[in-house]
Amino acid sequence: MTLDDIARHGFDPDAPRRVGVAVSGGSDSMATLALLAAHFEVAAVTVDHGLRAEAAEEAAFVGRFCADRCIPHTILRWDGASAEGNLMDAARRARLGLIGAWAGSTGIGHVALGHTADDQAETFLMRLAREAGLEGLSGMRPRFEAEGVTWHRPFLAQTREALRDYLRRQGIAWVDDPSNENERFDRVKARQALGALKSLGVDAQAIAGVTTNLASANAALHRLLMAEVERHVSEQSGDLLIDVAGFSAMEPELQRRLIVAALRWISGADYAPRASKVQTLLAELPRQGDRTLHGCRITTAKGALRITREAQAVADLRVTLEDGAATWDRWEVTGPAMDATEVAALGEAGLRQCPDWRETGLPRASLAASPAIWRGETLVVAPLAGFGIGWQARICRDAFDTWLIRR
Ligand SMILES: Nc1ncnc2c1ncn2[C@@H]1O[C@H](COP(=O)(O)OP(=O)(O)OP(=O)(O)O)[C@@H](O)[C@H]1O
């Protein structure tokens with residue numbers, strides 16, 4: 001398929017005629033814009049991160065290109081350049097948020113990004129250097145959902161050079177980011193390494209193909225494991241119980257993935273716990289004991305592994321009930337409408353007011369992390385502890401679906 005064919009057919013059959021394109025001014029996104037503009041009603045958007053002196057001029061450059069072709073163009077500004085931590089990562093996340101909000105406000109549901117097979121291959125090599133596991137080596141997906149938008153990478157399987165060739169043929173200029181030449185950056189080293197691999201007959205597209213397949217395989221396995229976890233979660237306590245003997249007989253990689261899936265399911269976190277912490281936990285699991293990780297408590301006792309929510313992790317979570325209903329952590333709480341009531345963890349304070357809690361048959365730690373209805377400091381009802389006729393607390397599965405398909 002030619003680039004033009006991909007722009008016309010390979011983009012997304014469900015995409016409406018109007019799509020957004022995120023354009024930095026670099027070759028990949030300029031080509032994406034030009035190619036899609038031939039077949040769709042496009043709106044371009046550029047984020048000025050204010051990180052480099054040239055950023056404003058680059059945004060203006062995209063603006064002039066769009067004005068010449070009557071393509072609407074918006075420049076969004078990011079003021080977070082003083083953000084702590086990994087600045088590039090913060091900028092990337094901010095960009096997604098800003099563009100997502102822009103798309104929402106202009107009624108655009110689909111936005112294209114200019115990533116190519118070279119981006120995939122460079123990322124793969126950089127992660128290989130950091131000894132990423134199989135999951136870490138997953139490539140970017142051609143399509144994902146985030147910030148209320150469907151994001152597309154229509155040219156993810158194409159090389160950067162092919163896109164540049166297209167631009168040269170069309171006489172379209174692009175901006176070269178000077179940091180792309182700075183050998184201090186791992187990405188630049190990865191790009192050079194890719195060049196060297198060509199003599200072996202390995203090119204960016206070959207590596208990109210592997211990382212894309214790996215991403216699909218990892219996502220499929222993760223979904224299967226999450227479904228397995230979901231099936232084994234106790235409806236009553238919301239805890240996950242795993243037989244230690246069966247768990248110990250599993251392949252180490254599967255054990256690791258199952259634990260990660262379980263921790264994410266119980267905590268609802270949309271990121272995985274640190275690999276080193278998971279390794280330490282796995283080494284300890286067969287022994288009797290109690291540990292916490294990722295907002296969960298993991299207990300080994302009587303031949304079973306119990307993963308429960310850590311009470312401390314939800315200690316400050318308070319949600320006001322609206323007409324007797326609220327979603328709290330991973331629970332849907334419903335009951336009669338009452339004024340000035342909130343859902344918060346039962347906690348130690350609540351347990352002290354429930355002398356009969358043992359009758360539930362649930363561990364103290366599970367009950368402490370379960371929802372209860374409070375009016376100020378007064379415990380009104382504790383559904384899991386068997387109090388309060390007419391009140392129910394049920395595991396709410398919707399809360400977990402969104403991040404399963406992210407990326
Ligand atoms: N400042 C920005 N404004 C809008 N979109 C951006 C911006 N920076 C990056 N993007 C989008 O994210 C994609 C990937 O970003 P990346 O940083 O890899 O690209 P780049 O090297 O800046 O530019 P290009 O990919 O266009 O050559 C871009 O192709 C583009 O679609």
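The values are calculated or read from the model by the stated rules, or taken from the named source; none is laboratory data. This is a predicted model, so every value here is computed, not measured. Cβ placement follows ideal geometry from the backbone for every residue including glycine, while neighbour counts extend to all protein chains displayed.
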Count of residues meeting criterion [more than 12 Å from the ligand (Cβ to nearest atom), outside any loop (DSSP other than H, G, I, E, B) and at pLDDT 95 or above] in the range 64-96 | 5
Any hit, the range 36-54, residues being in a helix (DSSP H, G or I), over 24 Å from the mean Cα position of the chain (by Cα) and either at pLDDT below 95 or in the same structural domain as residue 178 (by TED's automatic domain parsing) (or both) = yes
Would the range 110-117 turn up any residue that is in contact (Cβ under 8 Å) with a residue 12 or more places away in the chain, in a strand (DSSP E or B) and small (Gly, Ala, Ser)?
-> yes
Which residue out of 259, 266, 242, 207 is modelled with pLDDT of 90 or more and touching a Cys at 6+ places or on another chain (Cβ under 8 Å)?
-> 266
Given the structure, is residue 123 touching a residue at least 40 places away in the same chain (Cβ under 8 Å), closer than 18 Å to residue 203 by Cβ, within 19 Å of the chain's Cα centre (by Cα) and more than 9 Å from the ligand (Cβ to nearest atom)?
-> yes
Is it true that residue 7 is more than 7 Å from the ligand (Cβ to nearest atom), among the small types (Gly, Ala, Ser), in the same structural domain as residue 177 (by TED's automatic domain parsing) and within 18 Å of residue 151 (Cβ to Cβ)?
-> yes
Is there any pair with a first residue in the range 180-198 that is part of a helix (DSSP H, G or I) and a second that is modelled with pLDDT of 90 or more and among the small types (Gly, Ala, Ser) whose Cβ atoms are under 8 Å apart and which are 6 or more apart or on different chains, and what are they?
-> 190/121; 194/121; 194/204
Being more than 23 Å from residue 362 (Cβ to Cβ), among the hydrophobic types (A, V, I, L, M, F, W, C) and surrounded by fewer than 16 Cβ atoms within 10 Å (Cβ to Cβ) is the filter here, so list the residues in the range 222-243 that pass it.
-> 224, 227
Filter the range 155-179 for residues that are among the hydroxyl-bearing types (Ser, Thr, Tyr) and either in a helix (DSSP H, G or I) or under 27 Å from residue 86 (Cβ atoms) (or both); which is farthest from the ligand (Cβ to nearest atom)?
-> 166
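Conditions (1) within 12 Å of the ligand (Cβ to nearest atom); (2) at pLDDT 90 or above; (3) not small (Gly, Ala, Ser), marked per residue:
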| site | (1), (2), (3) |
| --- | --- |
| 11 | no, no, yes |
| 15 | no, no, no |
| 20 | yes, yes, no |
| 25 | yes, yes, no |
| 30 | yes, yes, yes |
